[in-house]
Amino acid sequence: QVRLVESGGGLVQAGESLRLSCAASGSIFSINNMGWHRQAPGKQRELVARIPSGGDTTYADSVKGRFTISRDNAKNTVYLQMNSLKPEDAAVYYCNAEIRTTRRPSWRPYWGQGTQVTVSS
């Protein structure tokens, strides 16, 4: 069984920063893409940033230049550094990862439970 656990959400004022973390644990054999999505009330879940096991990162246009995604493969952890936060960044942030477990040879997507980010103006 695999679990993804996020942390680091909270309430900040516009212009401030937050750092989200997401640690994967369990019967992990390998992790491919890791990423962050977000969902605001009444809106669809959207990709914020993605980082492959090797290669270039991907960002939503709305966060380019303000957010930075990184990962620590030794810790099976992905981070999202969010700077210059805006009220429109407020949402529940979910991490996800494509994981091969020790029991199954195929890649499967896994999701965290979400962490709330609130930005006051």
Asn32/Lys86 FRET efficiency (R0 35 Å; Cβ-Cβ; nearest 0.05): 0.70
Within straight-line cross-link reach of Lys43, lysines at Cα separation under 23 Å, skipping those fewer than 8 residues along the same chain: Lys64, Lys86
Cα-only radius of gyration and Dmax that characterise the chain, units Å: 14.2, 47
Net length gained if the chain between Ser7 and Lys64 were fully extended (0.36 nm per residue, minus Cα distance): 18.3 nm
Net charge of Cβ neighbours under 15 Å - reference Gln113; Lys, Arg +1; Asp, Glu -1: +2
Listed residue (Val5, Val48, Ile69) projecting farthest to the positive dipole end of the chain, Cβ model: Val5
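Any read-out appearing in this document is the output of simple, stated calculations on the displayed coordinates, not a laboratory observation. This one's a predicted model, so the numbers in the text were calculated from it and none came from an experiment. A quick note on method: Cβ atoms are made from the backbone with ideal geometry, for glycine too, and the neighbour counts reach across all protein chains shown.
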